[in-house]
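**Student:** This structure is in structure tokens; I'll ask about it shortly.
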Amino acid sequence: MTAPTNVLALVACGLIVSGVWAQAPGQPSRAGPSPGEFHRRWRTATPDSQGMSKPKLDALQRDLSARGTKALLVIRNDKIVFEWYAPGHGPTKTHYTASLAKAIVGGVSLAVALTDGRIALDDPAAKYVPAWQADPRKSKITIRHLGSHTSGIEDAEAGGLPHERLAGWKGDFWKRLPPPNDPFTIARDRAPVLFEPGERHQYSNPGIAMLSWCVTAALGDAPHRDIRTLLRERVMRPMGVPDNQWSVGYGDTMTVDGLPLVASWGGGAYSARAVAAVGRLMLREGDWDGKRLLAREAVRQVVSDAGTPGHGGMGWWSNREGQYARVPKDAFWGAGAGHQILLVIPSLNLIAVRNGVALAGTTDQDYHQALGRLLFDPLVDAVLAPGQ
């Protein structure tokens, strides 16, 4: 998981219409819903009333606080059962997403395009990237490969070096220079394909850049031609999320070959509750209090294991193979460097968000071990057995 280290984590759990979210009458205005309205809709309950242990959640918060956590939000049965912020933080303050953006920006925008029938997971990426049509390897890459990190496109990382110290095309990718040295053109033309698409899993920020390229190209003459506007009008405003509590794409739009491209490999900033709203929508398989924002099958295709090597969905991660043994296998999550996490466990009606600095470790193996040991396992342990 490569992305900056410093985001808020949110825990949100299963939602029901009469729970954490009270539906307000009317549609959001063109300017977007008000922050006060958005936050008044969230409902709270004691942990015990929703089958969770307050002492265990308190212990989790103390441990996470000592490890640089900025925010912890836990929602179960559509009610906030635990919400904590470090001094200087709060429910309305945005925190950068790091690679959590791959799920809540890249994956969700893909789900909108899938809902509209504008794209399919097994489409060749070359359908949307004409420059790849004659390339013997790139022509074999599909949307499924790009979203699940199995395209073979090399990542823009090397030896754990900070992005500013990377040389060549990898360093240029992170500089976000104007075209033709922009990250999208670099991902298309300069990032090499190291193996046959679908052969194995290898994390790839340029691969997610090309996923955004394909989704944008698929929008064609749609009313919303870039993924920022698409998310705002089709997802965030309909959910009531204020415009000032989320942003994407490092605040930039880069026009390449006539396409208004917005980064989805990183570069987002969301409040914890804005992240939780996305988790709620995905938990409810695209339904928002009776209004269908995303097709059920589109959500399933995005958050479920893609059937490729590794355990990825489309920008999301899946526990289908049980790599976190104590976590239910239907769990899925978005994750960024520094352990920026949105966890959704449908069978437990649980959503969780955590933001801050890295919990422990520096390698990918350390990252995953710390995530399980310090966040996922304690959350699951805090769920009380029936009758307790």
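**Student:** Step by step: first the residues of segment 77-119, then only those that are open to solvent by 30 Å² or more (accessible area, probe 1.4 Å) and touching a Leu at 6+ places or on another chain (Cβ under 6 Å), then the one that is nearest to L348 (Cα to Cα). Which residue is that? Walk me through it before giving the result.
**Tutor:** Narrowing segment 77-119 to residues open to solvent by 30 Å² or more (accessible area, probe 1.4 Å): 77, 79, 83-85, 87-89, 91-94, 96, 115-118.
From the residues that got through so far, the ones that are touching a Leu at 6+ places or on another chain (Cβ under 6 Å) too are 83-84, 115.
Details: E83: 18, W84: 21, T115: 26 Å.
This residue is E83.
**Student:** What are the residues in segment 152-169 that are surrounded by 18 or more Cβ atoms within 10 Å (Cβ to Cβ) and more than 24 Å from the chain's Cα centre (by Cα), if any?
**Tutor:** L166, W169
**Student:** A follow-up question, please. Quickly run through segment 305-347 and pick out the residues that are out of contact with any Pro (no Cβ under 9 Å at 6 or more places or on another chain) and open to solvent by 50 Å² or more (accessible area, probe 1.4 Å).
**Tutor:** G307, R320, E321, Q323, A325, R326, K329
**Student:** Follow-up question, since we're still on this one. Of the residues A358, A382, which is among the small types (G, A, S) and either in contact with a helix residue (DSSP H, G or I) (Cβ under 7 Å, 6 or more places away or on another chain) or open to solvent by less than 30 Å² (accessible area, probe 1.4 Å) (or both)?
**Tutor:** That would be A382, the only listed residue that is among the small types (G, A, S) and either in contact with a helix residue (DSSP H, G or I) (Cβ under 7 Å, 6 or more places away or on another chain) or open to solvent by less than 30 Å² (accessible area, probe 1.4 Å) (or both).
**Student:** Are any residues in segment 250-273 crowded, with 24+ Cβ neighbours inside 10 Å and in contact with a helix residue (DSSP H, G or I) (Cβ under 9 Å, 6 or more places away or on another chain), and if so, which ones? Full working, then the answer.
**Tutor:** Our first condition is that a residue be crowded, with 24+ Cβ neighbours inside 10 Å; within segment 250-273, this holds for 261-266, 268, 270-273.
Those that are crowded, with 24+ Cβ neighbours inside 10 Å and in contact with a helix residue (DSSP H, G or I) (Cβ under 9 Å, 6 or more places away or on another chain): L261, V262, A263, S264, W265, G266, G268, Y270, S271, R273.
**Student:** Further question on the same structure: Among the listed residues G267, G322, G315, identify the single one that is closer than 25 Å to G117 by Cα, part of a loop (DSSP other than H, G, I, E, B) and of a type in the set (G, A, S). Can you show your working first?
**Tutor:** Numbers: G267 fails: closer than 25 Å to G117 by Cα; G322 fails: closer than 25 Å to G117 by Cα.
Just one listed residue meets the conditions, G315.
**Student:** So, H149, is that one open to solvent by 10 Å² or more (accessible area, probe 1.4 Å), in contact with a helix residue (DSSP H, G or I) (Cβ under 8 Å, 6 or more places away or on another chain) and within 24 Å of G249 (Cβ to Cβ) or not?
**Tutor:** no
The values are calculated or read from the model by the stated rules, or taken from the named source; none is laboratory data. Owing to the predicted nature of the structure, the values given are computational and were not obtained by experimental measurement. FYI the Cβ positions are ideal-geometry reconstructions off the backbone, even for glycines, and counts take in every protein chain you see. For the accessible areas, the whole protein counts, side chains as well, though only heavy atoms, and no ligand, DNA or RNA atoms are used. Shrake-Rupley method; radii C 1.70, N 1.55, O 1.52, S 1.80 Å.
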